[in-house]
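The next block holds one structure in the form of C-alpha cells; read it before the comments.
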Amino acid sequence: MGCSQHRVVAKNYRFERILRSGGAECPAAFLFAIVDEGEPMEIDVGTAKKWMDAGRDDQDQSVYFLDCREPSEHQTASIDGVTLAPMSQWPPSQDVLQQMQGTQVVVLCHHGGRSLRVVHWLRANGYPSAVSMAGGIDRWSLEIDPRVPRY
C-alpha cells in the first residue's frame, strides 16, 4: 500500500485501525493497516456449499450467511437462506449483528471484493473468524448452482 504504516502480507490478514497524530492523511485511505491475522480471509464456494448444507462449519460451529450486495442485485440473483445486509447501508441492524454472534459468518457479494471489505470490518468489530466467499455469487452460479442467474 501507500505509506510506511501500511504493508501487505501473505494471504491471511485483517485491517486494523491506525491512530495517527498530526501530519498529512495517509494516501492509502481509511487509516487501516494490513496485519497478519493467521486465519484465512476467504473460503471457496465448495466449502461454502458444504457448510450451508450442514448448517455448520468444519469446527461444528453454526454458520450465518450474509449477502452484502444491493437489493437490486439480490433480486437478480440470490441464494436461499442468505441474509441481505447491503454494504451501502453498513453497518447492519442490531438484529443482524446479534444473529451473527457466536456463528461462523460467511459474507458474499457479486465477485468477492465487497465481501472482503465487509469481512475486514467484521473482524475489527467482534467477529474474528468471518470469511468471504471467494468469487461471490458469480462463482457460485458457475460451480455450484447454474440456476442462479449470472449478471
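Sort 100-111, 79-90 by the packing proxy (mean of other Cβ within 10 Å over each peptide's residues), most packed first.
On the way: 100-111: 20.2, 79-90: 14.6.
Highest mean packing first, the order is 100-111, 79-90.
D for region 42-143, whole µm²/s, Stokes-Einstein with Kirkwood Rh over alpha-carbon pairs at 20 °C and 1.002 mPa s: what number?
Values: Rh = 13.3 Å.
Once the numbers are plugged in, D ends up at 162 µm²/s.
Report the FRET efficiency, 1/(1 + (r/R0)^6), for residue 142 and residue 62, where r is their Cβ-Cβ distance and R0 is 25 Å, rounded to 0.05. List each step's numbers first, then the result.
Working: r = 27 Å, r/R0 = 1.09.
Efficiency, from the Cβ-Cβ distance: 0.35.
Within the set of other residues whose C-beta is less than 13 Å from the C-beta of residue 63, count the net charge using Lys and Arg as +1 and Asp and Glu as -1. Please list the in-between numbers first.
Numbers: positive: 49, 50, 56; negative: 53, 57, 58, 60.
Spelling it out: positives minus negatives among the neighbours equals -1.
What net charge do the residues around residue 110 carry, taking every other residue with its C-beta under 12 Å from that of residue 110, with Lys and Arg at +1 and Asp and Glu at -1?
Computed value for this residue: 0.
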Q: Give the residue from 93, 120, 78 lying farthest towards the positive end of the charge dipole for region 42-143; charges sit on Cβ (+1 for Lys and Arg, -1 for Asp and Glu) and the dipole is referred to the Cα centre.
A: 120
Q | Distance (nanometres) between label positions extended 7 Å along Cα→Cβ at residue 44 and residue 83 | A | 2.8 nm
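Every number in this text was worked out from the coordinates using simple rules, so none of it is lab data. Computed from a predicted model, the values in this text were never measured in an experiment. With ideal geometry, Cβ positions are generated from the backbone for all residues, glycine too; neighbour counts draw on all protein chains shown.
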